Each structure stands twice: as C-alpha cells, then as structure tokens.
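Accompanying notes for the structure given below.
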C-alpha cells in the first residue's frame, strides 16, 4: 500500500474508533470487523473506494453522536 494512503487509512481508522466508541459497541465491532477484512487490500483504487466508504461511515457516526448529545 502506498505510504500516503496507509497514513490516511490509519488516521481514518483512529477517528472511526473514537466516534464509534462514543456511539455504540455495535458500531465499534463493525468498524473493527471491516478494518480487519480490508487490512490486506493493496490496490490503490480499491483502497480509495474503501477510504470513501469509511469517510461516509465517519460522517454518519458523527451525526448520530451529535444527535445523541443534543438530546441529553
């Protein structure tokens, strides 16, 4: 995997871990499962697609966390 993509992947993984921990254990388990399943992907196009999916998931998780904190 290209070094810059690896850095982006790890950064996104860390952010997802933070956000999903706040949200729920289910989302955390899903994040870990997806990360493990895609750990060996080396094709740059596939990695880019997975990064985009991960960013979408992060956005969803952040919105859900924001929604939860506004109601408390």
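What follows draws every value from the coordinates through simple rules; no lab data is involved. Worth saying up front: this structure is predicted, and the values here are computed from it rather than measured. Backbone-built Cβ (ideal geometry, glycine too); neighbour counts: all protein chains shown.
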For residue 17 and residue 56, extending 7 Å from Cα along the Cα-Cβ vector and measuring point to point gives, in nm, a value of 2.5
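Mind checking Rg over Rh on region 1-54, alpha carbons, Kirkwood formula for Rh? Mind dumping the intermediate values first?
Numbers: Rg = 11.1 Å, Rh = 11.4 Å.
Ratio of gyration radius to Kirkwood radius for region 1-54: 0.98.
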Take the Cβ-Cβ distance between residue 6 and residue 63 as r, set R0 to 25 Å, and report the resulting FRET efficiency rounded to the nearest 0.05. 0.40
